[in-house]
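Here is the structure we will look at.
Values in this text are rule-based calculations from the coordinates and carry no lab data. Since this is a predicted model, take the numbers as computed values, not measurements. All Cβ positions, glycine included, derive from the backbone under ideal geometry; neighbour counts span all protein chains shown.
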Amino acid sequence: MKIRISIDVLLGNYYGLNDTMTTFIEGIVGSAPEGVRINYLPGCHLVYPNLNSKDWSFGEARSADVTIACMGLSPQMEGEEGSAILSPENGDRSDITLPAVQVDYLKQLAERSNRIVLVLTGGSPIALDGLEDLVQAIVWVAYPGRGLSYHSGQTTQRYTKIG
């Protein structure tokens, strides 16, 4: 499961279904101006290392004007005990950083890409521990449900840089 194309991150743990869900890749492609070429390649899994040692996403990132990296958490990693099937802590998180596989991937991506926009999903705070310095923009989308148009632009979470 990749966040870019996953319906799970749209649902969050709210379990409300509707017929107008838009995945991230659909939203990006649908919003791109005419003439803009968009390529999609998976980068890394949410919590497990890639089994294939070849990763073409780095080559694409090297030649792209901007790379949009959709990363973060899914309700399979946090939330209700029975539905958080990727959580060894029954839906709780013992660590508030991104999973190590995502951190490693983003660091490698930053070595190869000129500009990165990091789109973060999740239902709780995520400590970036310096990753914010590797990207040009961060968009926190939580679990967007029917789309970002329903968000007021305000958040109940506070973002502070420590250090």
Exercise. Can you run phi through the Karplus equation (6.51, -1.76, 1.60; θ = phi - 60°) for the range 113-127 and list ³J(HN,Hα) in whole Hz, with x for Gly and Pro?
Worked result: 10, 6, 9, 10, 9, 9, 9, 10, 9, x, x, 8, x, 10, 7
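How long is the gain from Asp19 to Ile38 if the chain were fully straight, where each residue apart is worth 0.36 nm and the alpha carbon distance is subtracted?
Extending this stretch completely gives an extra 4.3 nm.
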Problem set entry | Spacing of the two label points (7 Å from each Cα toward its C-beta) at Ser53 and Asp129, in nm | 2.7
Seminar exercise, completed: Non-local residues with an amide H under 5 Å from the amide H of Thr97, with H modelled 1.01 Å from N and Pro and chain starts lacking one, are Ala127
Exercise. Between Val66 and Ala137, what length in nm is gained on full extension when 0.36 nm per residue of separation is reduced by their alpha carbon distance?
Worked result: 24.5 nm
For this session: Per residue of the range 26-34, in order, report the coupling 6.51 cos²θ - 1.76 cosθ + 1.60 (Karplus, θ = phi - 60°) as ³J(HN,Hα) in whole Hz, putting x for Gly and Pro.
Result: 5, x, 5, 4, x, 9, 5, x, 4
For this session: Output the peptides 125-137, 31-43, 108-120, 65-77 sorted from most to least packed, where packing is the average of other Cβ atoms within 10 Å over each peptide's residues.
Result: 65-77, 108-120, 125-137, 31-43
Exercise. Can you list the residues, at least 5 places off or on another chain, whose amide H is less than 5 Å from the amide H of Ile68, using H built in the peptide plane?
Worked result: Val117
For this session: Please pull out the direction-averaged projected area of the range 21-143, using the convex hull of its alpha-carbon atoms, in nm² to one decimal place.
Result: 8.2
